[in-house]
Structures are given as structure tokens and as C-alpha cells.
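Have a look at the structure below, then the notes.
FYI, it's all coordinate maths here, none of it is from the lab. Please read all numbers here as calculations on a predicted model, not as lab measurements. Here the Cβ positions follow ideal geometry from the backbone for every residue, glycine too, while neighbour counts run over all protein chains shown.
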Amino acid sequence: MSYMPCVVTVGGFFGDEGKGKILAYLAKKDMPSIAVRGGVGPNAGHTFMYEGRTYKVRMLPSAALNKTTKLLIGSGVLINVEVLLQEIFSFDTSDRTFVDSQCGIIEKIHIDKDNEEYDLREKIGTTGTGTGPANADRSLRRLKLAREIPDLSVYLEDVSNSVNNALDNKENVMVEGTQGTFLSLYHGDYPYVTSKDVTSSGICSDIGIGPKRVDEVIVVFKAYVTRVGSGHLENEISGQQAKENGWLEFGSVTSRQRRSSPFNLRLAKKAIVLNGATQLAVTKLDAVFPECSGIKEFDKLKPQPKKFIEDIEAETGLKISLIGTGAEINDIIDRRERF
Ligand code: IMP
Ligand code: MG
């Protein structure tokens with residue numbers, strides 16, 4: 001595999017592309033010295049399955065199972081203190097988790113507002129986790145920061161400094177985006193978006209690295225598109241049809257049924273440009289082509305799924321270096337050696 005010190009991974013559609021699984025796999029395989037999370041906050045849920053057990057993280061990076069990887073949260077990310085402490089406890093990571101002292105803090109008032117305001121809960125269909133109202137308070141310069149919270153005092157660090165120092169030392173750093181490109185406040189389907197920019201540039205800003213520090217940008221697509229909450233979804237199919245297709249999903253934070261459509265090449269191309277993608281990942285190929293389930297070598301794919309991947313590569317001009325073929329983090333075709 002080529003040496004890739006700084007890899008930024010982001011979602012190419014509306015979130016829930018399977019970034020958690022890709023990131024958990026990359027973490028196990030590459031053993032980065034740091035995994036750092038950008039993005040909005042606990043509105044995102046990353047799910048991954050390892051040795052038959054399902055794990056979910058809403059605050060920690062998806063490398064949480066790695067015993068030697070330092071787990072960081074960048075200053076642009078909002079923290080729900082209770083959720084974070086619970087995850088640190090259940091993954092037993094208190095010796096290696098650090099958050100930036102300038103992370104914003106979500107309080108009950110933000111969660112209440114997110115659930116009570118018609119425009120947020122009904123019209124936009126937010127996750128109700130308080131992230132939008134907290135980011136609004138941050139813009140108004142009245143949001144509490146992590147440095148003011150005694151329960152967090154042992155976890156505080158200058159995350160930007162740690163990440164930049166690690167990169168100076170040529171260590172591998174995994175930068176984890178959350179949500180997806182078209183939920184970006186600036187580039188997405190406004191107003192049906194989240195409360196921040198979540199493209200690769202926004203994620204780098206969240207953790208405090210400059211654009212020239214990034215070596216690879218992996219944009220993750222699912223083999224079909226899903227979205228939760230309101231907003232436009234081109235070629236949307238019914239829940240019944242999604243069920244018949246074998247890809248009906250429910251939200252990992254809110255349990256809401258996800259809406260879906262077939263893979264959207266037009267959106268994929270736009271996401272590639274917005275994020276400056278250098279390589280792609282496609283997840284859940286087995287949901288569309290059940291015969292791919294668990295396959296780990298590209299040459300073992302049947303003609304149809306192979307063509308699906310090769311058509312996307314031909315249309316986008318980018319390599320699909322990682323292909324998800326099942327729920328377990330090792331159910332993956334890793335073609336990085338090829339490049
Ligand atoms: P908010 O981020 O909770 O304010 O919700 C705004 C919109 O973004 C809603 O449509 C949410 O369903 C969506 N959203 C936010 N985070 C995620 C995510 O991690 N996955 C999928 N959708 C998300
Ligand atoms: Mg998710």
C-alpha cells in the first residue's frame with residue numbers, strides 16, 4: 001500500500017453511506033497513530049460490526065476498537081458530554097481519548113429547542129440532538145466550550161496541535177468526516193441540511209489542519225442512496241420497493257425509516273468535485289447484488305457487480321479502492337495495493 005499519512009474520509013451522499021465501517025476497517029488495517037473526528041456532533045451515528053458484535057459511535061472516532069490509536073475530537077465538533085463519557089466508558093478508551101478545549105457543548109436547552117421548534121423538527125426533520133441550536137449559539141458567541149466543563153478536564157488537548165505534530169513526524173492520521181456532502185449547510189440541499197459544512201474542507205477546518213496537509217480524500221458512497229428527514233431525493237422509491245430491493249434501512253440515531261433511491265451518478269460526480277476526492281469507496285454492494293456477500297477479491301465478483309463498479313470508475317475517472325461486501329468490517333475488497 002502506498003504511504004498515506006493524512007487521509008480524510010467523508011460521505012458522498014446524505015450521510016449513512018457506511019463511513020463507520022470503512023473507517024473501522026482502515027483503522028484496524030493501517031493502525032493510524034491518530035483518528036480524529038470532524039463534523040457536526042452526536043447527530044451522526046457510525047455503525048460497524050466486528051467479530052459478530054455491532055458497535056455504534058456518536059462521538060468517538062470509528063477507530064475506537066484500536067487499542068493504540070489516539071482518539072481525538074476537533075474543535076469544530078459539538079459534544080454531548082453524557083454521550084461522550086458513556087462511549088469512553090463502554091469502549092474503555094479513557095487513556096487515549098482527547099477533545100479540543102474549544103469544542104462546543106450541547107446543553108438541554110439546545111436539545112429542547114431542536115425538538116420543540118416546528119421548523120427544525122417538522123419541516124427540516126432534524127435528528128433532535130440539539131446540534132443546530134448549539135451551533136446557532138456558537139455563532140452568537142454564547143455557547144459553552146469544553147474547557148468550562150469539569151467532567152472533561154482530563155480529556156482536554158490542543159487537537160490541531162497534536163494532529164499537525166503527528167503529521168510533521170510522518171505518522172498516519174485518519175480524519176473522519178460525518179454526515180454527507182449534500183447535508184452541507186453551504187453545498188447541500190438547503191434548508192434541508194445540517195448546521196455546518198461537512199465537505200472535506202469543512203472537516204479539515206473542524207480539526208485544524210490546512211488544505212496542503214491532506215494526502216488522500218476518500219469519498220464514500222453507498223451502492224444506493226438514502227436520506228432521513230425532509231428534502232429532495234431524486235428517483236426516490238417507496239419503502240415497499242426498498243424492502244423488496246433488500247436495502248430498507250432505519251436511522252442509527254433516530255430509528256427513523258430511511259428514504260432511498262438507486263445510485264445517483266450525477267450527485268456522485270458533484271460530491272467528488274466538492275470534496276476534491278482522490279479515491280472512492282462504495283459500500284453495501286452486497287445489498288444490491290446479494291451474490292457478492294463476503295467477497296474479498298475483486299476478481300471473484302460476478303460480471304454485474306463488477307460492471308457496476310467499473311462503470312462508476314469510468315464515469316468519474318476515479319478509482320474505487322474500497323468496496324464493502326457485508327456488515328463485518330473485514331467484509332471488504334481492498335484494492336489500494338493496485339494504485
Ligand atoms: P440535524 O443535523 O440534526 O440538524 O438534522 C438536519 C438534517 O440532517 C436532517 O435531515 C437529518 O436527518 C440529517 N442528518 C444529520 N446528521 C445525519 C447523519 O449522520 N446521517 C444522516 N442524516 C443526518
Ligand atoms: Mg449514520
Using the 10 angstrom Cβ neighbour count as an exposure proxy, how do 283, 199 rank, fewest first?
283, 199
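Report the relative contact order of the chain, percent, no decimals, based on alpha-carbon pairs under 8 angstrom and at least 6 residues apart.
On the way: 785 pairs, mean separation 78.1, N = 339.
So the answer I get is 23 percent.
Give the relative contact order (percent, whole number) for the range 275-339; include only Cα pairs under 8 Å separated by 6+ residues. Could the numbers behind the result be given before it?
On the way: 91 pairs, mean separation 27.1, N = 65.
Reported as a whole number, the value is 42 percent.
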Using Cα pairs under 8 angstrom and six or more residues apart, how large is the relative contact order of the range 166-286, in percent?
27 percent
Which order do 124, 207 fall in if you start with the one that has the fewest other Cβ atoms within 10 Å?
124, 207
Per DSSP H run of n ≥ 4, the term is -39500 (n - 2.57); total these for the chain, divide by its residue number, and report the mean residue ellipticity at 222 nm rounded to 500 deg cm²/dmol.
-8000 deg cm²/dmol
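Kindly provide the trypsin sites (Lys or Arg not before Pro) of the range 148-237 that DSSP labels as loop, not H, G, I, E or B, and whose Cβ sees at most 14 other Cβ atoms within 10 Å.
Numbers: sites: 170, 196, 212, 213, 222, 227; in loops: 170, 196.
Answer by residue number: 170.
Order of 236, 216, 51 from fewest to most other C-beta atoms within 10 Å? The partial results should precede the final answer.
Values: 236 15, 216 18, 51 8.
Final ranking by Cβ density, sparse to dense: 51, 236, 216.
Over 27 Å between Cα atoms: which of 243/307; 56/319; 28/144; 144/170; 70/270; 29/306 fall into that group? Let's see the in-between values first.
Working: 243/307 24 Å; 56/319 29 Å; 28/144 35 Å; 144/170 34 Å; 70/270 33 Å; 29/306 24 Å.
Over 27 Å Cα-Cα: 56/319; 28/144; 144/170; 70/270.
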The alpha-carbon center of the range 273-306 and that of the range 196-214 are separated, in whole Å, by 27 Å
Roughly how many debye, to the nearest 20, is the charge dipole of the range 164-212 about its Cα centre, given +1 on each Lys and Arg Cβ, -1 on each Asp and Glu Cβ, and no other charges?
80 debye
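For the chain, what is the percent of antiparallel DSSP beta bridges, rounded to the nearest 5?
Details: 15 of 48 bridges.
Restricted to the chain, the bridges split so that about 30 percent are antiparallel.
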